[in-house]
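These notes concern the structure reproduced below.
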Amino acid sequence: MMLNLVPFVSVDKMMQLVLHLGIERVLIDLAAEIEADFRRWPLFDKTPRIASHSDVGVIELMPTSDGVTYGFKYVNGHPANMKQGLQTVTAFGLLADVATGYPVLLSEMTILTALRTAATSAMAAKHLAPKGATTMALIGNGAQAEFQALAFKAICGLTEVRLYDIDPAATAKCARNLAGSGLNVVQCATPEEAILGAQIITTVTADKTNATILTDNMLGAGVHINGVGGDCPGKTELHRDILLRSKIFVEYPAQTRVEGEIQQLDPDHPVTELWQVITGATQGRTSAAEVTLFDSVGFAIEDFAALRYILAKSKATGLYDNLDMIADPDDPRDLYGMILRAAG
């Protein structure tokens, strides 16, 4: 019997890999990989994620393929988990060879999702934020916050992050983790204080409600909003009036209209697909005074790019384990006989 072993990147190996490469290096690399796949967007199979909703959260599958490689991510979102000492979001992902259907990678994606989400945010801001932006307000200081701050530092050159969370302990945690990062970190008592002087505003809160984290009167002209926390039906962060005066950019409209901030708007409200800005097919920001919004909900192509990156880096460094998860009898027609031979 020949073993078909599948490379597996565990949480431990993922942490080793990120520390070995350097977190900012990983964020920069991931942004480049995601942007490269956005440039070939039309090649991919695309479908809104397949969601199973309950009154406490959501469990989703996110599949895609470029015709050569297939990938999917399993991911949940359960905001109340935090009160039990559990993660709000957990995930794992798989890549497979389209030609044979055999898996070629199984990986943890709780850490990797945080990295790819932040990398996507900063990649989008590189195309949409006002030129010369140096300061970001970060509203919501939970598990995703540090990744967002470091991605914007590494990819967009930000030098200051202004933190606010309804839980001061979360803000203190985030500030502590970012100490020594090279960012000027300012802890703020209100959202209004956090957005003072910020050219970029990132909202990344977890409550599964139609919350109003930002209202229109809080925003001046010329800012870029990175709306990360609104990512399922009934979960938003921005007042509708902000949307009505913003130029809105999305990943995949069919998914974002159901899950993103724009679920508050008419189904035909105009939005621009981010891949079209990246390829130069359409314009992003057109004036210094314009308010731009990246209504980020996460899309399978971003996970696909992240998994391909991890496959390459784990193979190059040896930071993976092998899983014996594909039955491979000597005679592919004799699976039963393989079981019998194992007994003897």
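Bear in mind that the values in this text are calculations on the coordinates, not laboratory data. Note that this is a predicted model, so its numbers are computed, not measured. Because the Cβ atoms are built from the backbone with ideal geometry, glycine has one as well, and the counts that use them run over all protein chains shown.
Computed values, structure above
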| read-out | value |
| --- | --- |
| Cβ-based exposure ranking for GLU261, GLU60, GLU192, GLU290, in which fewest neighbours within 10 Å come first | GLU192, GLU290, GLU60, GLU261 |
| Positive dipole terminus of the chain, leading residue within PRO332, ILE166, LEU5 (C-beta point charges) | ILE166 |
| Stokes-Einstein D for the chain, Kirkwood Rh over Cα pairs, 4 °C, 1.567 mPa s (µm²/s) | 62 |
| Whole-Hz ³J(HN,Hα) from phi, Karplus 6.51 cos²θ - 1.76 cosθ + 1.60, for the stretch 117-126, glycine and proline x | 5, 5, 4, 5, 4, 5, 4, 5, 5, 4 |
| Those trypsin sites (Lys or Arg not before Pro) in the stretch 273-344 that DSSP places in a loop and that have at most 15 other beta carbons within 10 Å | ARG333 |
| Nearest 10 degrees, 0 to 90: helix 11-21 Cα axis against the chain principal axis | 60 |
| Size of electric dipole in the stretch 118-299: Cβ of Lys, Arg +1 and of Asp, Glu -1, about Cα centre, debye, nearest 20 | 480 |
| Normalised contact order of the chain, rounded percent, pairs of Cα under 8 Å and 6 or more residues apart | 22 |
| Selection from MET14, LEU86, LEU265, by position along the positive dipole direction of the chain (Cβ) | MET14 |
| Fewest-first sequence of LEU319, LEU265, LEU238 by Cβ atoms within 10 Å of each Cβ | LEU265, LEU319, LEU238 |
| Straight-distance crosslink candidates among lysines, where the alpha carbon sits under 30 Å from LYS153 and sequence neighbours closer than 8 are dropped | LYS13, LYS73, LYS126, LYS131, LYS173, LYS208, LYS235, LYS247, LYS313, LYS315 |
| Positive-end residue of ALA254, THR135, PHE147, charge dipole of the chain with Cβ unit charges | THR135 |
| Rounded to 10°, Cα long-axis angle of helix 23-39 versus longest principal axis of the chain | 80 |
| Rounded to the nearest 20 debye, dipole of the chain from Cβ charges on Lys, Arg, Asp, Glu | 600 |
| Nearest-20 debye value, the stretch 228-344 charge dipole, Cβ charges on Lys, Arg, Asp, Glu | 320 |
| Ranked SER181, SER54, SER107, criterion: other C-beta atoms within 10 Å, fewest first | SER54, SER181, SER107 |
